[in-house]
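Just so it is clear, none of the values below were taken in a lab; they were calculated from the coordinates. Predicted model only: the values in this text are computed from it and were never measured. Glycine gets a Cβ as well: all are built from the backbone with ideal geometry, and neighbour counts include every protein chain shown.
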Amino acid sequence: MLKERVEKALNEQLNAESFSSYLYLSMSSYFESLNMKGCATWMKVQAEEEYEHAKKFYDFILQRGGRVRLKGIEEPQTEWKSPEDAFAESLHHEKYITGRINDLMDIAIEEKDHATKIFLQWFVTEQVEEEDSVGSVLEQIRMVGDTKHGLYMLDRELGQRSAEAHESE
Ligand SMILES: [Fe+2]
Ligand SMILES: [Fe+2]
């Protein structure tokens, strides 16, 4: 059985992952508005992954005999200054989520909840990958600057990578 403190923290993370999904979907629609289809696809795949993360929390809370309590999802931003700005915010957001996962792990340790610790380990690893992949796109986008040709090539490449990720799921 989950301790109340752990259950509350897991529910809050379920909400944070749901917001992540919403944020990336909003970024996807921003890229659609720029006609950058590759980035839009990349962000949509991100949004789908975040929804999977939210569902992992949902399932785990239930599995442990807890109660899932869904809360309102914060309204995401809809406009960014540039593609670089959107990816910079993604990286900023992933770092924030990493911080939350670490705090959650601290709670599990304090409450001696070993099952939650093991469950969270996957997320600790996932956050390393997330920061790395978003960070590398941001670096590439900074390298091409606002050259139209560079952005066009990068957009194509990102759309391709997402399609491959889908196939390997
Ligand atoms: Fe996530
Ligand atoms: Fe993420």
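Pick from TRP80, TRP42, TRP122: which residue has the top mean-square fluctuation in a GNM of the chain where Cα pairs under 10 Å get a spring? Of TRP80, TRP42, TRP122, the most mobile in the Gaussian network model is TRP122.
Give LYS8/LYS44; LYS56/LYS81; LYS44/LYS148; LYS44/LYS95 a once-over and call out the pairs whose C-alpha atoms are over 25 Å from each other. Write out the running numbers ahead of the final one.
Values: LYS8/LYS44 29 Å; LYS56/LYS81 33 Å; LYS44/LYS148 23 Å; LYS44/LYS95 19 Å.
The answer is LYS8/LYS44; LYS56/LYS81.
If Lys and Arg each add +1 and Asp and Glu each add -1, what is the summed charge of the other residues whose beta carbon sits under 14 Å from the beta carbon of ILE73? Numbers along the way, then the final one.
Working: positive: ARG69, LYS71; negative: GLU12, GLU17, GLU50, GLU74, GLU75.
Around ILE73, the charge tally is -3.
At the listed q of 0.14, 0.15, 0.20 Å⁻¹, the Debye profile of the chain, built from one uniform point per Cα, gives log10 I(q)/I(0) equal to -0.74, -0.83, -1.27. Here the simple spin-label model places points 7 Å from the Cα toward Cβ, and for ASN102 and GLU12 these points are separated by 1.6 nm.
So what are the stretch 41-99's ellipsoid semi-axes, whole angstrom, largest first, if each one is the square root of 5 times an eigenvalue of the alpha-carbon gyration tensor?
28, 12, 11
Taken one residue at a time, the phi angles of the stretch 86-102 give Karplus couplings (6.51, -1.76, 1.60, θ = phi - 60°) of 5, 5, 5, 5, 4, 5, 4, 5, 4, 5, 4, 5, 4, x, 5, 4, 5 Hz. Gly and Pro are set to x.
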